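Asks: Have a look at the structure that comes next, please.
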Amino acid sequence: MTAPLEGSHNSRSQDSHGSPAALAEPVERVGRGWTVSLSLANGAIWVGWYGPLQILLASQAKDFAPGSGMSKEAMLAWVTGAGAMVSLAANPFFGALSDRTTGRWGRRTPWIVAGAAGGALSLLLLAGAGGVWTMALGWCLVQLTLNAAFAAVTAAVPDRVPRLQRGSVGGWLGAAQILGVVGGTGLATVVGGIGAGYAACAVFTVVGVLPYVLKYPDLRLPVSDRPPWSWRSFLAGFWLSPRRYPDLGWAWLTRFLINLSNALVLLYLLYYLRDRLHYDDPDQGVLILTAVNGLTLLATVVVGGVWSDRLGRRKPFVIWSGILMAVATAGLAVWQTWPGAIVAAAVLGIGFGVFTSVDFALMTDVLPKAGDRGKDLGVINVANALPQVAAPALAAPIVTYLGGYRVLYLVAAVVGLAGAVLVGRIRSVD
């Protein structure tokens with residue numbers, strides 16, 4: 001049994017079967033303070049990601065594109081795609097390292113601190129970027145460092161939260177995620193200038209993780225329980241065979257497709273408002289749509305997770321939330337007006353709120369081994385990062401050559417609907 005979460009922990013505490021607390025299946029419910037502090041840390045990481053992704057990188061691409069031989073769309077796609085490639089490797093890599101960490105501060109906390117600090121410094125490097133190459137380098141460093149922190153934050157949930165509380169905790173983490181998206185977009189918009197926007201996001205990223213790392217000691221892994229080191233076994237561990245773990249494979253594919261649909265919607269949102277809807281202030285328009293989406297998401301993200309915990313069921317919530325998101329995305333294709341964009345943002349928020357909390361709980365339910373939680377969640381989180389690589393590769397030719405934004409959003413709707421349907425293939429979760 002794990003020790004109570006509001007106090008200190010003995011690094012060698014064990015459950016009734018002799019397993020160290022760090023590797024035991026948690027049974028004691030976490031307290032409200034722990035959940036709020038971890039959620040704040042999660043939100044701070046998303047501020048560091050989405051201030052740039054929603055506003056700052058697009059603004060820099062617009063400034064750097066003239067004379068570069070690249071359009072602003074192509075430059076933004078190239079930079080975000082390069083960063084996403086770094087994210088693909090960084091999240092599982094740092095998750096695996098945190099699984100093996102045996103220091104006095106526990107397995108996860110050192111990586112949360114180092115990742116947040118490195119992310120802040122990388123954001124400041126981006127603030128001083130003078131061209132596309134320094135812009136790309138800065139963004140890749142942001143992805144590298146913040147993914148170290150994110151891998152550790154997400155792994156703390158299966159470490160500490162019992163199964164039938166993970167939907168509600170996932171809901172609070174999801175609420176913090178969307179508040180981080182809104183907060184990052186707001187900071188990037190209102191502080192005045194690209195450099196000031198990056199600086200504001202950097203400060204918030206560091207400050208936001210402090211309550212969790214200072215107040216809540218992490219569970220320590222005894223050195224005797226760390227597996228022997230081998231490069232071959234370490235690298236081989238990143239392959240989770242869909243044949244051996246089919247439910248994990250279907251859960252991963254579901255998350256990938258729905259996140260790809262969402263990424264296709266968000267990538268060119270600023271340009272969609274400017275070039276297709278001819279909205280007067282597209283920067284402000286992105287902030288308004290993000291806020292509308294955030295409000296409806298917040299209305300459903302915690303409720304969906306709690307409801308799923310009480311019913312002990314996950315799949316119906318994922319299926320119907322995915323269908324709702326596909327309908328909203330198709331609406332962007334057929335109703336290309338500012339009111340249509342607001343309605344779509346609101347409906348997408350409702351669907352994504354339920355999906356965010358319940359899908360996170362579903363993922364933790366299909367993890368194969370307690371000793372590899374960080375690494376396995378990192379592999380699962382590739383389904384969040386890979387769409388950032390795939391979305392630019394799909395979106396740029398569609399917008400430029402294959403029918404524009406109408407076709408782009410129809411493709412996004414079909415992709416999201418496929419993700420919603422395939423969750424039914426998972427067998428081990430009700």
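The values are calculated or read from the model by the stated rules, or taken from the named source; none is laboratory data. None of these values were measured; they are calculated from a predicted model. We place every Cβ from the backbone using ideal geometry, glycine too, and count neighbours over all the protein chains shown. For accessibility, only protein heavy atoms count, side chains too; no ligands or nucleic acids. Shrake-Rupley method; radii C 1.70, N 1.55, O 1.52, S 1.80 Å.
Asks: What do you reckon, how do L126, L240 stack up by accessible area (1.4 Å probe), largest on top? All intermediate terms of the calculation are to be shown ahead of the outcome.
Replies: Working: L126 0, L240 30 Å².
Of L126, L240, the descending order of accessible area is L240, L126.
Asks: Same structure again: May I ask you to derive the relative contact order of the chain, considering only C-alpha pairs under 8 Å and at least 6 residues apart, and to give it as an integer percent?
Replies: On the way: 847 pairs, mean separation 110.2, N = 430.
Computed over the chain, the figure is 26 percent.
Asks: Moving on to the next point. Specify, per residue and in Å³, the volume enclosed by the convex hull of the alpha carbon atoms belonging to the range 126-284.
Replies: Numbers: hull volume 32.1 nm³, N = 159.
Each residue corresponds to 202 Å³ of Cα convex hull volume.
Asks: Using protein chains only and a probe of 1.4 angstrom, how many square angstrom of T35 are accessible, to the nearest 10?
Replies: Spelled out: T35, probe radius 1.4 Å, area about 10 Å².
Asks: Here's a follow-up. Compute the long axis of helix 404-422 from its Cα atoms, compare it with the longest principal axis of the Cα atoms of the chain, and write down the angle in degrees, 0 to 90, nearest 10.
Replies: Around 20 degrees separate the two axes.
Asks: Sort L248, L253 by accessible area with a 1.4 Å probe, largest first.
Replies: Working: L248 15, L253 50 Å².
The most accessible residue leads, giving L253, L248.
Asks: Here's another thing I want to ask about it. Using the Karplus equation 6.51 cos²θ - 1.76 cosθ + 1.60 (θ = phi - 60°), what ³J(HN,Hα) coupling, rounded to whole Hz, does each residue of the range 327-336 give in order, writing x for Gly and Pro?
Replies: 5, 5, 5, 4, x, 5, 7, 9, 10, 8
Asks: Still on this structure, please answer the following. Apply the Karplus curve 6.51 cos²θ - 1.76 cosθ + 1.60, θ = phi - 60°, to the phi angles in the range 115-131 and return the couplings in whole Hz, x for Gly and Pro.
Replies: Each residue's phi maps through the Karplus curve to give x, 5, 5, x, x, 4, 5, 5, 5, 5, 4, 4, 4, x, 4, x, x Hz.
Asks: Tell me the mean residue ellipticity at 222 nm calculated for the chain from its helices only (DSSP H runs of n ≥ 4, each -39500 (n - 2.57), averaged over every residue, nearest 500).
Replies: -25000 deg cm²/dmol
Asks: Rank Y216, Y50, Y409 by mean-square fluctuation in a GNM of the chain with C-alpha springs under 10 angstrom and give only the top-ranked residue.
Replies: Answer for the Gaussian network model of the chain: Y216.
Asks: Report in % the part of the accessible area of the range 197-290 that belongs to carbon and sulfur, leaving out ligands and nucleic acids; probe 1.4 Å. Mind dumping the intermediate values first?
Replies: On the way: 2930 of 4750 Å².
Solvent-exposed carbon and sulfur of the range 197-290 make up 62 percent of the total.
Asks: With springs only between Cα atoms under 10 Å, which of V334, V30, V306 fluctuates most in a Gaussian network model of the chain?
Replies: For the chain, modelled as a Gaussian network with Cα springs under 10 Å, the answer is V334.
Asks: Using amide H atoms built in the peptide plane, which far-off residues or other-chain residues are under 5 Å from L219 H to H?
Replies: R107
Asks: Within the range 351-424, which trypsin sites (Lys or Arg not before Pro) sit in a loop by DSSP and count at most 16 neighbouring Cβ atoms inside 10 Å?
Replies: K369
Asks: Among R310, R160, R255, which one shows the highest mean-square fluctuation when the chain is modelled as a Gaussian network with alpha-carbon springs under 10 Å?
Replies: In this elastic network of the chain, the residue with the biggest mean-square fluctuation among R310, R160, R255 is R310.
Asks: So for the chain, taking the charge dipole from beta-carbon charges (+1 Lys/Arg, -1 Asp/Glu), which of L417, G374, L40 sits furthest toward the positive end?
Replies: G374
Asks: Amide H neighbours of Y279 under 5 Å, counting only residues 5+ apart in sequence or on other chains, H built in-plane at 1.01 Å?
Replies: For Y279, the qualifying residues are R274.
Asks: For the range 22-167, what does the relative contact order come out to in percent, with C-alpha contacts under 8 Å and a separation of six or more? Write down the numbers at each step before the final one.
Replies: Working: 158 pairs, mean separation 54.8, N = 146.
After rounding, I find 38 percent.
Asks: Give me the angle, in degrees from 0 to 90, between the Cα long axis of helix 72-100 and the longest principal axis of the Cα atoms of the chain, rounded to the nearest 10.
Replies: Approximately 0 degrees, to the nearest ten.
Asks: With all protein chains present and a 1.4 Å probe, how do M85, M75, M70 order by accessible area, largest first?
Replies: Values: M85 105, M75 0, M70 65 Å².
These residues rank, largest area first, as M85, M70, M75.
Asks: Let me ask something else about it. With θ set to phi - 60° and the Karplus curve 6.51 cos²θ - 1.76 cosθ + 1.60, what are the ³J(HN,Hα) couplings of the range 344-356 in order, to the nearest whole Hz, using x for Gly and Pro?
Replies: Whole-Hz 3J(HN,Hα) from phi for the range 344-356: 4, 4, 5, 5, 4, x, 4, x, 6, x, 5, 4, 4.
Asks: Also, quick follow-up: For the chain, what number of Lys pairs, 8 or more residues apart or on separate chains, have alpha-carbon atoms under 26 Å from each other?
Replies: Numbers: K62/K72; K215/K375; K315/K369; K315/K375.
Within the chain, the lysine pair count is 4.
Asks: On average, how much accessible surface per residue is there in the chain, in Å², for a 1.4 Å probe, leaving out ligands, DNA and RNA?
Replies: 39
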